[in-house]
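Worksheet: the structure to be examined is printed underneath.
The values are calculated or read from the model by the stated rules, or taken from the named source; none is laboratory data. All figures in this text were calculated on a predicted structure; none of them were measured in a lab. Quick reminder, even Gly has a Cβ in these numbers, built from the backbone with ideal geometry, and neighbours come from all protein chains shown.
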Amino acid sequence: MSPILYAHPFSSYCQKALIAFYENETPFEFRMLSPEHPDILQEFEALWPVKKFPVLVDGDRTLLEATVIVEYVALAYPGPFRPVPQDPAAAIEVRMLDRLFDNYISTPQQKVVLDAIRPEASRDPYGVAEARTMLERAYQWLDRHMQGREWAAGAAFSLADCAAAPSLFYADWTHPIDPALTHLSAYRARLLARPSFARAVDEARPYRKYFPLGAPDRD
Ligand SMILES: N[C@@H](CCC(=O)N[C@@H](CS)C(=O)NCC(=O)O)C(=O)O
């Protein structure tokens with residue numbers, strides 16, 4: 001039986017996991033988290049009451065967290081994709097970049113977007129300003145880091161790039177990357193051209209109208 005992914009195509013962390021399935025050419029069953037499928041929502045909430053997605057179920061195993069799902073897919077279903085290099089020193093760098101994209105790009109990006117859908121009286125302008133400052137600082141660092149690199153860590157496309165692709169995709173919509181940051185901008189464009197991520201982006205196109213800040217007419 002194929003592994004079952006509880007996910008939504010427009011979710012950045014779900015796209016991170018989807019990239020791994022597509023890179024590795026691993027078949028899976030997609031269970032759509034949407035109000036149109038209350039039965040699936042019920043299964044998902046029973047699996048992970050924290051209700052963060054994606055969640056993967058494979059036989060009697062339940063895997064939480066996109067990073068873990070990316071690593072699990074390649075471990076359980078050996079294929080062409082190696083998300084983390086065998087060399088331990090190279091693996092440390094991949095894992096470090098994965099954490100940086102989640103914590104300092106995705107987290108502040110989500111803060112800005114989630115604030116926009118709060119009721120007016122519950123908004124947190126101070127927190128949003130902090131999140132935008134974090135994005136600025138992370139962009140600057142990443143631009144220097146990407147100078148002379150094709151992928152985020154090492155020579156091959158890795159777990160770090162699975163994290164980078166959707167996080168930079170939505171971060172740029174939320175708090176545009178200064179075009180003067182040429183290395184970071186070129187890296188984002190390379191990620192968009194990667195077939196695994198391009199497929200995830202295409203599958204999410206019908207949902208762009210729901211982007212709370214308004215999706216730009218590009219990408
Ligand atoms: N640390 C989690 C974060 C997952 C996450 O934040 N997912 C978002 C969708 S992109 C979510 O579940 N949002 C729903 C909510 O917060 O209730 C991971 O790496 O998988």
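Output the residues belonging to the range 2-15 that are more than 8 Å from the ligand (Cβ to nearest atom) and either assigned to a loop (DSSP other than H, G, I, E, B) or among the small types (Gly, Ala, Ser) (or both).
2, 3, 7, 9, 10 - these are the residues of the range 2-15 that are more than 8 Å from the ligand (Cβ to nearest atom) and either assigned to a loop (DSSP other than H, G, I, E, B) or among the small types (Gly, Ala, Ser) (or both).
What is the one condition in (1) in contact with a helix residue (DSSP H, G or I) (Cβ under 6 Å, 6 or more places away or on another chain); (2) more than 25 Å from residue 184 (Cβ to Cβ) that residue 5 does not satisfy?
(1)
Could you list, in sequence order, the residues of the range 21-39 that are among the aliphatic types (A, V, I, L, M), more than 10 Å from the ligand (Cβ to nearest atom) and touching a Phe, Trp or Tyr at 6+ places or on another chain (Cβ under 7 Å)?
Residues satisfying the conditions do not exist here.
Residues in the range 45-101 that are near the ligand (Cβ under 10 Å from one of its atoms), among the β-branched types (Val, Ile, Thr) and over 17 Å from residue 163 (Cβ atoms): how many?
The total comes to 2.
Taking residue 18, is it in a helix (DSSP H, G or I), surrounded by 15 or more Cβ atoms within 10 Å (Cβ to Cβ), within 12 Å of the ligand (Cβ to nearest atom) and without any contact (Cβ under 8 Å) to a residue 12 or more places away in the chain?
Details: in a helix (DSSP H, G or I): yes; surrounded by 15 or more Cβ atoms within 10 Å (Cβ to Cβ): yes; within 12 Å of the ligand (Cβ to nearest atom): yes; without any contact (Cβ under 8 Å) to a residue 12 or more places away in the chain: no.
So residue 18 fails the test.
Determine which member of the set 160, 198, 189, 193 is of a type outside the set (S, T, N, Q), at pLDDT 95 or above and buried (at least 22 other Cβ atoms within 10 Å of the Cβ).
160
Return the residues of the range 47-82 that are of a type in the set (D, E, K, R), in contact (Cβ under 8 Å) with a residue 60 or more places away in the chain and either exposed (fewer than 15 other Cβ atoms within 10 Å of the Cβ) or closer than 17 Å to residue 13 by Cβ (or both); say none if nothing qualifies.
Listed by number, the list holds a single entry, 71.
Answer yes or no: is there a residue in the range 62-80 that is of a type in the set (Asp, Glu) and at positive phi. Outline the logic, then answer.
Narrowing the range 62-80 to residues of a type in the set (Asp, Glu): 65, 71.
With the extra rule that they be at positive phi, the set shrinks to 65.
Yes, because at least one residue in the range 62-80 is of a type in the set (Asp, Glu) and at positive phi.
Can you name every residue in the range 21-35 that is part of a loop (DSSP other than H, G, I, E, B) and either in contact (Cβ under 8 Å) with a residue 12 or more places away in the chain or acidic (Asp, Glu) (or both)?
25, 26, 27, 28, 33, 34
Select from the range 83-125 the residues that are touching a residue at least 40 places away in the same chain (Cβ under 8 Å), part of a loop (DSSP other than H, G, I, E, B) and more than 23 Å from residue 26 (Cβ to Cβ) and list them in ascending order.
Once the filter is applied, which keeps residues that are touching a residue at least 40 places away in the same chain (Cβ under 8 Å), part of a loop (DSSP other than H, G, I, E, B) and more than 23 Å from residue 26 (Cβ to Cβ), the range 83-125 yields only 117.
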